[in-house]
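First up is the structure itself, then whatever we jot down about it.
The values are calculated or read from the model by the stated rules, or taken from the named source; none is laboratory data. Everything quoted here is computed from the prediction, not taken from an experiment. Because the Cβ atoms are built from the backbone with ideal geometry, glycine has one as well, and the counts that use them run over all protein chains shown.
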């Protein structure tokens, strides 16, 4: 059976003698972050959480995702030109992605206003050359265990979202200059409204009328960020 991210995390916890909650705290995350992640074999952490967990477990993000590192790749007989581009390292990428505010991950607190640029973060290697990428911080807990409060998500406004994708819905509420953002799994687009589902509580949904929707943008997966 193919090992999952959760299997690899358990291996490292055992090797380091760490508990899931202890590793979460050591990584600067909520005590429940890793325990919740380990309970759900389909859960995939956000980029910020993945990076912190990899650091405390003493491995790379790529190893947690795939079980291999670039240095472990099996050589092939493929002949590549000497001038073939080499993927840049994460630390060499510029911090040029704009963070525009927070996206609501809570059914109770509603959407949060996009405030303009509040920060700049490093561009993941797989997004080298990608246009108009922006980022948001998650607020609230309704997308746990996929995203936790404070997680950073990267958004590509040019990649058409499909049903089942995690999306950011930019919404106009009265003032056309006051744009708010909500995050959720895109479930339906017809019937006069956009319907998003949340992970926590399970099967919960929010409905946003079409006339209030300014844009629907795809949240990039960890695999899309790291080119896995």
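Checked against (1) surrounded by 16 or more Cβ atoms within 10 Å (Cβ to Cβ); (2) out of contact with any helix residue (DSSP H, G or I) (no Cβ under 8 Å at 6 or more places or on another chain), residue 213 passes all but condition (1). Residues in segment 143-161 that are surrounded by 22 or more Cβ atoms within 10 Å (Cβ to Cβ) and under 23 Å from residue 189 (Cβ atoms): 6 in all.
This table checks each residue for (1) out of contact with any strand residue (DSSP E or B) (no Cβ under 8 Å at 6 or more places or on another chain); (2) surrounded by fewer than 18 Cβ atoms within 10 Å (Cβ to Cβ); (3) modelled with pLDDT of 85 or more; (4) not in a loop (DSSP other than H, G, I, E, B).
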position: 13; (1), (2), (3), (4): yes, no, yes, yes
position: 21; (1), (2), (3), (4): yes, yes, yes, yes
position: 34; (1), (2), (3), (4): yes, no, yes, yes
position: 53; (1), (2), (3), (4): yes, no, yes, yes
position: 79; (1), (2), (3), (4): yes, yes, no, no
position: 84; (1), (2), (3), (4): yes, yes, no, no
position: 88; (1), (2), (3), (4): yes, yes, no, no
position: 91; (1), (2), (3), (4): yes, yes, no, yes
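Against the test of being without any contact (Cβ under 8 Å) to a residue 40 or more places away in the chain and not assigned by TED's automatic domain parsing to the domain that holds residue 202, the options 9, 43, 14, 47 yield a single qualifying residue, 14.
In segment 103-119, of all residues being farther than 20 Å from residue 158 by Cα and not in a loop (DSSP other than H, G, I, E, B), the one that is modelled with the highest pLDDT corresponds to 119. The set of residues from segment 123-147 being in a loop (DSSP other than H, G, I, E, B) and at pLDDT 85 or above comprises 123, 130, 131, 132, 133. Would you call residue 150 touching a residue at least 12 places away in the same chain (Cβ under 8 Å), more than 28 Å from residue 118 (Cβ to Cβ) and part of a loop (DSSP other than H, G, I, E, B)? Judged against the criteria, residue 150 is not a match.
Among the residues of segment 162-180, those identified as under 15 Å from the mean Cα position of the chain (by Cα) and in a loop (DSSP other than H, G, I, E, B) are 164, 165.
Checking each residue of segment 187-205 against the condition of being outside any loop (DSSP other than H, G, I, E, B), surrounded by fewer than 20 Cβ atoms within 10 Å (Cβ to Cβ), under 19 Å from the mean Cα position of the chain (by Cα) and touching a residue at least 24 places away in the same chain (Cβ under 8 Å) gives at least one match. Regarding residue 183, is this residue at pLDDT 80 or above, in a strand (DSSP E or B) and under 21 Å from residue 45 (Cβ atoms)? Considered against the rule, which asks whether it is at pLDDT 80 or above, in a strand (DSSP E or B) and under 21 Å from residue 45 (Cβ atoms), residue 183 comes out as yes.
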